[in-house]
Amino acid sequence: MFSLTDDDLKRKILGCGDGPASFNAEMYALGHRVISFDPVYAFSRAEIEQRVHEMYHKIVEQVGKSREDYVWTRFRDEYDLADHRLTCMRRFFEDYDAGLAEGRYQLESLPTLSFGDGQFDIALSSHLLFLYSEQLSLEFHLESILEMCRVAHDVRIFPLLDLKCRTSAYLEPVRTRLMELGYSADVTPVDYEFQKGGNTMLWIRK
Ligand SMILES: C[S@@+](CC[C@H](N)C(=O)[O-])C[C@H]1O[C@@H](n2cnc3c(N)ncnc32)[C@H](O)[C@@H]1O
């Protein structure tokens, strides 16, 4: 999703809105340290697990209704997709309590973060910004992305499509504003594609 190189993995990475994903746990197992934040980290493992199991049936139902919107090379069908997600989440849950204690999972929310200027090398956001364009305003996107740029000098956001698999209406206004402020904001191809046409990230650098 982010074209991360082996060198990138050694840098200080912030995962924004990581939720119950396995990236932090997998990186930790490889000897790298990532900080992930999400409002859901206010909840206990049991509470998050409960929500995840409720979600499983919704994913199966929603994806099953619009199968033609997705590329079925990585996953056989909606059940295979949901099983894969549950496997990733199990890795997260096994790591969650230890990661909370070590400060690898932190309770923070965009658009305002308590981290210092330039505290991280890379800030990543997957499946939050742009994807929820109908739920989150342009102002929220601009404030959040500028906040990510404050705490990291390399910011990557994936995907650039909304939930209906259309390019987010906020993409161009966000790019224009960022370029006015002196950032480069490149729509860059990546290897991963599950939503049809969702194979690009926004790569922002100072
Ligand atoms: C669809 S999930 C994506 C999780 C993960 N990034 C992934 O790709 O699997 C969206 C996540 O964004 C989190 N979220 C919602 N509002 C947020 C905010 N204001 N700041 C940070 N994260 C937020 C949710 O709690 C949820 O975990």
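The values are calculated or read from the model by the stated rules, or taken from the named source; none is laboratory data. All values derive from a computational prediction rather than experimental measurement. Counting neighbours? That spans all protein chains shown, and the Cβs are built from the backbone with ideal geometry, glycine included.
One table, with the values for the structure above:
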read-out: Inter-residue pairs, beta-carbon under 6 Å, first modelled with pLDDT of 95 or more and in the stretch 10-33, second in a loop (DSSP other than H, G, I, E, B) and not acidic (Asp, Glu), 6+ apart; value: Gly17/Leu128; Asn24/Arg104
read-out: Pick from the stretch 24-54, criterion among the aromatic types (Phe, Trp, Tyr) and in contact with a strand residue (DSSP E or B) (Cβ under 6 Å, 6 or more places away or on another chain), ranking: nearest to Leu128 (Cα to Cα); value: Phe37
read-out: When residues of the stretch 98-120 are limited to those that are in contact (Cβ under 8 Å) with a residue 40 or more places away in the chain and aliphatic (A, V, I, L, M), the one surrounded by the fewest Cβ atoms within 10 Å (Cβ to Cβ); value: Leu107
read-out: The stretch 36-57, residues that are surrounded by 12 or more Cβ atoms within 10 Å (Cβ to Cβ) and among the aliphatic types (A, V, I, L, M); value: Val40, Ile48, Val52, Met55
read-out: Test for Phe140: is it of a type in the set (Phe, Trp, Tyr) and crowded, with 18+ Cβ neighbours inside 10 Å; value: no
read-out: Residues of the stretch 18-47 classified as near the ligand (Cβ under 9 Å from one of its atoms) and either in contact with a helix residue (DSSP H, G or I) (Cβ under 8 Å, 6 or more places away or on another chain) or not in a helix (DSSP H, G or I) (or both), total; value: 10
read-out: Leading residue by the ranking (nearest to Ala169 (Cα to Cα)) among those in the stretch 130-155 that are more than 9 Å from the ligand (Cβ to nearest atom) and among the aliphatic types (A, V, I, L, M); value: Leu138
read-out: Residues located in the stretch 64-86, provided they are in a helix (DSSP H, G or I) and farther than 29 Å from Pro111 by Cα; value: Gly64, Lys65, Arg67, Glu68, Asp69, Glu78, Tyr79, Asp80, Leu81, Ala82, Asp83, His84
read-out: Hey, Phe158 in contact (Cβ under 8 Å) with a residue 12 or more places away in the chain, surrounded by 17 or more Cβ atoms within 10 Å (Cβ to Cβ) and more than 10 Å from the chain's Cα centre (by Cα) or not; value: no
